[in-house]
Amino acid sequence: MKCAMIKGIKKIETDEINEPTSLNGSVVIEVKKAGICGSDIHNWDMGMPEGLVMGHEFCGTVINPGARTDLQIGDKVTALPISPCNECAACKSGNPQYCPQTWTYAVGLSLDNPGAYAPKCSIRPDMVIKVPDNVTDNEVAMVEPAAVALHAVHLADLEVGNKVLVIGAGIIGDLCALFAKLNGASYVAVSETNEKRGEKSVTLKCADEWFNAKDENFMTKVLKECPFGFDVVIDCSGNSAAVTTALATVKPNGCVVLVGVATQNISIPSVLVVTKELRVYGAIAYTVDEFTECIDLISRKKLDVEKFVDDIVPIDEVQKAFERLTSGTDDAIKILIDPQKN
């Protein structure tokens with residue numbers, strides 16, 4: 001079957017892989033929609049691992065329920081794409097994101113387990129979750145990134161009335177801003193170098209205001225509303241400048257959550273962490289409860305994720321979609337792939 005595969009640095013091409021089968025009770029699904037994630041962009045940018053078929057944010061329908069006797073052919077599902085051991089303390093506490101094995105055979109993140117940039121894929125049975133019928137395919141494909149953002153906001157331990165700055169207005173940044181509002185923040189700002197994305201954050205009602213990170217008067221403007229610093233700053237960019245901005249704009253004893261991932265070592269002024277006595281957290285993935293909470297919020301129409309979908313493309317146009325998302329000038333923040341689309 002046709003798939004989109006990493007072939008080199010910033011290069012995805014269509015190729016052929018074998019159709020998946022049910023192994024060790026795995027559930028085989030027909031992929032309806034798959035999302036392009038920031039981690040996918042990192043892999044594309046580095047061109048590795050070559051031969052990887054990405055796609056760990058997805059909606060599908062069951063073709064073969066495998067070991068899952070509670071599933072039927074045609075059921076709409078998604079899944080935690082991870083591969084936890086289910087035996088360690090992290091797994092037993094509901095935090096599989098800490099498990100040493102959780103990314104080893106992750107769907108769409110490992111060469112051994114091709115992801116949803118293909119018409120079909122095979123998933124560990126215990127990771128598959130049936131979703132309510134009232135949730136659209138597009139919404140289901142947005143559950144995974146929503147859970148990433150919810151986890152980051154939970155780590156911040158937001159209080160009602162807090163003022164929050166989110167650095168980076170991509171999909172995770174916008175979702176973090178939205179969850180901050182839903183959790184009682186009185187003021188949410190975003191900083192962004194892409195003017196179209198910054199403006200879009202406000203238009204989509206994720207942020208109250210946006211600030212251009214390239215503005216030479218950025219610090220003066222961004223701190224006008226919070227002269228002593230923001231209660232919480234969430235960085236979704238992952239570069240030196242962004243993390244430095246986070247440390248500089250948070251108030252003393254405030255909280256900084258680092259969601260963005262740097263592919264290389266970065267330098268930051270750690271003196272700000274010490275002299276301000278900051279609480280700095282790294283955020284990776286989500287808990288099981290946060291993943292299922294996002295499904296519930298979407299199903300009950302408490303969380304609108306469909307508004308973030310900018311385009312839906314077939315497998316043949318995945319390369320162009322990556323180029324669009326990384327152009328720095330386009331306002332697109334979320335593009336879905338429809339592997340059934342010609």
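The values are calculated or read from the model by the stated rules, or taken from the named source; none is laboratory data. Because the structure is predicted, anything quoted here is derived from the model rather than measured. Here the Cβ positions follow ideal geometry from the backbone for every residue, glycine too, while neighbour counts run over all protein chains shown. Just so you know, the surface numbers come from the protein's heavy atoms only, side chains and all, with ligands and any DNA or RNA stripped out. Shrake-Rupley method; radii C 1.70, N 1.55, O 1.52, S 1.80 Å.
Side notes on the structure shown:
- Per-selection Rg to Rh, the range 100-157 - Cα, Kirkwood hydrodynamic radius: 1.01
- Hull volume per residue, based on the alpha-carbon atoms of the range 286-329 and their convex hull, is 126 Å³.
- Stokes-Einstein D for the range 259-323, Kirkwood Rh over Cα pairs, 10 °C, 1.306 mPa s (µm²/s): 96 µm²/s
- Computed from point charges on the beta carbon alone (+1 for Lys and Arg, -1 for Asp and Glu), the dipole magnitude for the chain about its Cα centre is near 340 Debye.
- Computing Rg and the Kirkwood Rh from the Cα coordinates of the range 52-188 gives a ratio, Rg/Rh, of 1.01.
- Computed on the Cα atoms alone, the convex hull of the chain gives a volume of 130 cubic angstrom per residue.
- Helix 171-182 axis, angle to the chain major axis (alpha carbon atoms, nearest 10°): 70 degrees
- With every protein chain in place, the chain: carbon and sulfur % of accessible area (1.4 Å): 50 percent
- Note that the range 65-172 presents 39 Å² accessible area per residue, ligands and nucleic acids not counted, probe 1.4 Å.
- Scalar couplings 3J(HN,Hα) for the range 200-213, obtained by applying the Karplus form with A = 6.51, B = -1.76, C = 1.60 to θ = phi - 60°, are 5, 4, 6, 4, 7, 6, 7, 10, 7, 7, 10, 10, 7, 5 Hz; x denotes Gly and Pro.
- Kirkwood-type radius of the range 1-112, with distances r between different C-alpha atoms, in Å: 15.3 Å
- Area of Met5 that stays accessible when all protein chains are in place (1.4 Å probe, Å², to 10): 20 Å²
- Net charge of the neighbourhood of Phe308, taken over other residues with C-beta under 9 Å away and scored Lys/Arg +1, Asp/Glu -1, is -2.
- Phi-derived couplings, Karplus 6.51 cos²θ - 1.76 cosθ + 1.60 at θ = phi - 60°, listed residue by residue for the range 69-76: 6, 8, 9, 10, 4, x, 5, 7 Hz, with x used for Gly and Pro.
- Choice from Ala90, Ala180, Ala34 showing the highest fluctuation, given a GNM over the chain with Cα pairs closer than 10 Å: Ala90
- The Cβ shell under 10 Å around Arg197 holds other residues with a net charge of -4, Lys and Arg each +1, Asp and Glu each -1.
- Measuring only protein heavy atoms, the 1.4 Å probe finds His56 accessible over about 10 Å².
- Solvent exposure of the range 238-328 amounts to 49 Å² per residue of accessible area, where only protein heavy atoms count and the probe is 1.4 Å.
- Descending semi-axes in whole angstrom, ellipsoid equivalent of the range 107-225, from the Cα gyration tensor: 33, 17, 13
- Here Lys341 is the anchor, and the lysines within straight C-alpha reach of less than 16 Å, apart from those fewer than 8 places off in the same chain, are Lys2, Lys32, Lys33, Lys120, Lys320.
- Comparing Phe228, Thr249, Phe322 along the charge dipole axis of the range 196-334, the residue lying farthest to the positive side is Phe228, per the Cβ-charge model.
- When the Cα atoms of the range 198-257 are aligned to their principal axes, the ranges along those axes come out at 32, 24, 23 Å in descending order.
- Two numbers describe the Cα atoms of the range 195-317: Rg and Dmax, which are 17.1, 52 Å.
- Size descriptors for the range 234-283, from the alpha-carbon set: Rg then Dmax equal 9.9, 29 Å.
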